[in-house]
Amino acid sequence: MDLEQVKKFIELIKGTDIEELYWEKEGTKIAFKRASSEKLAEENAPVATPQVSPSATTTKEEKKVLTIKSPMVGTFYRSLPDRPPLVMEGNHISPGQKVAVIEAMKIMKDVVSNLQGKIVKILVENATPVEYGQDLFLVETETPIQTDKKNDANR
Amino acid sequence: MFKKVLIANRGEIAIRVIRACRELGIRTVAVHSDADRDCLHVRLADESVCIGPASASESYLNIPSIISAAGITGVDAIHPGYGFLAENIQFAEVCESSGIKFIGPSAEVISKMGDKIQARKIMEKAGVPVIPGTDEPVSLEDVHLFKIAKKIGYPLMVKARLGGGGKGMRLVQDEEALKNAIATAQAEAKASFANPEVYLEKNIEAPCHIEFQILADLKGNVVYFPERDCSIQRRHQKLIEESPSPQVNAKLRKKMGEAARRVMKAIKYTSAGTVEFLMDQKGHFYFIEINPRVQVEHTVTEMVSGIDLVKEQIRLAAGEELDYDSDDIKIQGHVIECRITAEDWERDFIPSPGKVTNFAIPGGPGVRVDTHIYSGYTIPPFYDSLIAKLLTIDKDRESCIHRMQRALDEFIIEGIKTTIPFYQKVMRNEHFLEGEIHTNFIQRYVLGG
């Protein structure tokens, strides 16, 4: 990972309300965390009421930004011919949902999401060539977690 | 001439083709699997495309992915290298129908030569000697089976109709073993080549393997090059090649070369290819097969003739004609090649992938190294174990062997096991120095069998 890529990540986060971004690819890892006093106050809040049962305290969500990758080399399309785009930036998607199509030798292969979350950015323009494994969608995933001490120790 | 070529291969041969393209002013596209992101051919090409995960079947053997990569990069030709899809009839056809030139012979010729029984018939018709054997597949139900086998004589070979490259063969010592050998060979043939048909051939005792490099253009001109002796093998895979052969004099060279030329004309072959012969102790030679591709050992012929075969192959594919003949080719000296693999020769040549911690190639006069390895590179376990081809040339065989000894001693590869120590042993073996080479050489003289 070089400085340019790091700068790109920072730019990406700036315009959103992402608090944490964790990136891992082939052994390279980098994490960004937004420093904000408002957020600190929210983190502390759930701990004040110990009588509340653990399953009810889902006040903080850990967000990870992951990618949906191309399953094949070919041409990336946002939709089948003459149809509207399958997804837009800002859409919420679920695992199993069709988000794009890759075409190779007249064969159309569905790109199916393996993630639950919100599409933050579509990384490839319609009708452009993509490699196998290339990042297509940036998705802010949502995984609700509890903020009691047990979970903190595990994290 | 082509503007852009995609190389449907990896490792040292991909680099070889990239080099030839670069010298011809052609832009190159490398394809690679996920596991090959750090492979040197990716770095040396002008463009690269990841086509699939590590497994060969999902990447380098995946025809739709390769054609897709060719489409998105806009190439006008594909070079298949050797192995992988180089002799895949369907691939050659798909290229043709996609309007992409396949740098190699036509699908029709590949198909014709892939059928070993049909190939034998074509050779016989062309007046080229073939090994005594059956001209039809044999059946266990045939009442005449033992009679046919007896006529050929034991020991004999059971061979797969669609086999080749040393695969799908079984040696049968006597009548007792025949039926079992045929049954096993049929099962193996079905598994490997999707066709269980097998035929019988006489076994030539301790033969020499002599082959002729051929170039053929679209006008029917066929040129043969000085022979390669590939007798030093292990389990039918070549280890050492040399040119010219210690077993072949000028008269025999002309006789065999002309036979090779007849073979290629008979099948209207185009592009680069090789005609393989076996030669017995009495100097009789027999056609065994054609290799319709550029081979690993093409480098030997390049050094002995001074001609760049890969560039010639690309030129021929682009429609150029050959403007020289076999008589114009002068033998420049004696050449030897050692195929260095990432294998532990002391433990039955078990593959030894892993990280190469230190890598330094030999140099100096008359030394050539074709490799994709570099210091710090991790050899993946998914592909074949060839890591470098080391060649030396000198004025005669003895000097060439001494030069090879020097070059092997200079070669540094650390972090993995390689077959360098094995070749150092062979290069000092008295029988090798005498030129007593045949296909049982390794078993008999080196591995102590």
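The values are calculated or read from the model by the stated rules, or taken from the named source; none is laboratory data. All of these numbers come straight from a predicted model, not from anything done at the bench. With ideal geometry, Cβ positions are generated from the backbone for all residues, glycine too; neighbour counts draw on all protein chains shown.
Kindly state which strands (runs of 3 or more DSSP E) lie completely within the range B:263-350 and contain at least 2 residues that are closer than 27 Å to B:LYS219 by Cβ.
So the answer is B:271-279, B:285-291.
Looking only at the range B:227-260, count how many residues are assigned to a helix (DSSP H, G or I) and buried (at least 23 other Cβ atoms within 10 Å of the Cβ).
The total comes to 2.
Given the criteria at pLDDT below 95 and under 30 Å from B:HIS298 (Cβ atoms), does B:GLY166 qualify?
It is true that B:GLY166 is at pLDDT below 95 and under 30 Å from B:HIS298 (Cβ atoms).
Name every residue in the range B:273-324 that is free of Cβ contacts under 8 Å to residues at least 60 places away in the same chain and farther than 25 Å from B:GLY127 by Cβ, in order of residue number.
Within the range B:273-324, B:GLU302, B:GLY306, B:ASP323 qualify.
Any idea which residue in the range B:11-32 is farthest from the other protein chains (Cβ to nearest Cβ), counting only those that are in contact (Cβ under 8 Å) with a residue 12 or more places away in the chain and surrounded by fewer than 20 Cβ atoms within 10 Å (Cβ to Cβ)?
For the range B:11-32, the residue satisfying everything is B:GLU23.
Sort through B:TYR374, B:TYR324 and tell me the only one that's in contact with a helix residue (DSSP H, G or I) (Cβ under 7 Å, 6 or more places away or on another chain), within 30 Å of B:ILE78 (Cα to Cα) and at pLDDT 95 or above.
That would be B:TYR374, the only listed residue that is in contact with a helix residue (DSSP H, G or I) (Cβ under 7 Å, 6 or more places away or on another chain), within 30 Å of B:ILE78 (Cα to Cα) and at pLDDT 95 or above.
Among the numbered conditions (1) touching a strand residue (DSSP E or B) at 6+ places or on another chain (Cβ under 7 Å); (2) within 12 Å of chain A (Cβ to nearest Cβ), tell me where B:PRO132 comes up short.
Just one mismatch for B:PRO132, condition (2).
What residue, of B:ALA8, B:ALA54, B:ALA35, is within 14 Å of another protein chain (Cβ to nearest Cβ), surrounded by 21 or more Cβ atoms within 10 Å (Cβ to Cβ) and touching a residue at least 60 places away in the same chain (Cβ under 8 Å)?
B:ALA8
Where the second residue is surrounded by 15 or more Cβ atoms within 10 Å (Cβ to Cβ) and of a type outside the set (Val, Ile, Thr) and the first is free of Cβ contacts under 8 Å to residues at least 24 places away in the same chain and lies in the range B:395-412, which pairs have Cβ atoms under 6 Å and are six or more apart or on separate chains?
From the range B:395-412, the pairs are B:GLN405/B:MET427.
Looking at (1) out of contact with any Phe, Trp or Tyr (no Cβ under 6 Å at 6 or more places or on another chain); (2) closer than 30 Å to B:GLU58 by Cα; (3) surrounded by fewer than 20 Cβ atoms within 10 Å (Cβ to Cβ), which is the only condition B:ALA342 fails?
That leaves (3) as the condition not met.
State all residues of the range B:58-116 that are of a type in the set (Gly, Ala, Ser), touching a residue at least 40 places away in the same chain (Cβ under 8 Å) and either closer than 20 Å to B:LYS311 by Cα or more than 14 Å from chain A (Cβ to nearest Cβ) (or both); if no residue qualifies, say none.
B:ALA77, B:GLY81, B:GLY83, B:ALA86, B:GLY104, B:SER106, B:GLY114
Which of the residues belonging to the range B:377-388 are in contact with an Asp or Glu (Cβ under 9 Å, 6 or more places away or on another chain) and not aromatic (Phe, Trp, Tyr)?
Across the range B:377-388, the qualifying residues are B:THR378, B:PRO380, B:SER385, B:LEU386, B:ILE387, B:ALA388.
Taking B:LEU408 as meeting all but one of (1) out of contact with any Pro (no Cβ under 8 Å at 6 or more places or on another chain); (2) at pLDDT 95 or above, write down the number of the exception.
(1)
Out of the residues in the range B:42-51 that are more than 10 Å from chain A (Cβ to nearest Cβ) and in contact with a strand residue (DSSP E or B) (Cβ under 7 Å, 6 or more places away or on another chain), state the one that is farthest from B:HIS32 (Cα to Cα).
Across the range B:42-51, the extreme among qualifying residues is B:ASP46.
One line per residue, one yes/no per condition, for (1) over 30 Å from B:LYS159 (Cβ atoms); (2) among the β-branched types (Val, Ile, Thr):
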position	(1), (2)
B:ALA30	yes, no
B:VAL42	yes, yes
B:GLU58	yes, no
B:ASN88	no, no
B:CYS95	no, no
B:ALA119	no, no
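Give the range B:418-443 a look and list any residue that's of a type outside the set (S, T, N, Q), out of contact with any Pro (no Cβ under 9 Å at 6 or more places or on another chain) and in contact (Cβ under 8 Å) with a residue 24 or more places away in the chain, or say none.
Listed by number, the residues that qualify are B:ILE420, B:PRO421, B:PHE422, B:TYR423, B:VAL426, B:MET427, B:PHE432, B:LEU433, B:PHE441, B:ILE442.
Looking at (1) crowded, with 22+ Cβ neighbours inside 10 Å; (2) hydrophobic (A, V, I, L, M, F, W, C); (3) at pLDDT 95 or above; (4) closer than 24 Å to B:ALA92 by Cβ, which is the only condition B:ILE288 fails?
(3)
Only one of A:VAL112, A:VAL139, A:VAL99, A:VAL120 is at pLDDT 95 or above and touching an Asp or Glu at 6+ places or on another chain (Cβ under 7 Å); which?
On inspection, the qualifying residue turns out to be A:VAL120.
So if I check each of B:GLU87, B:GLU47, B:GLU124, which one is modelled with pLDDT under 95 and touching a helix residue (DSSP H, G or I) at 6+ places or on another chain (Cβ under 7 Å)?
One residue alone meets the criteria, B:GLU87.
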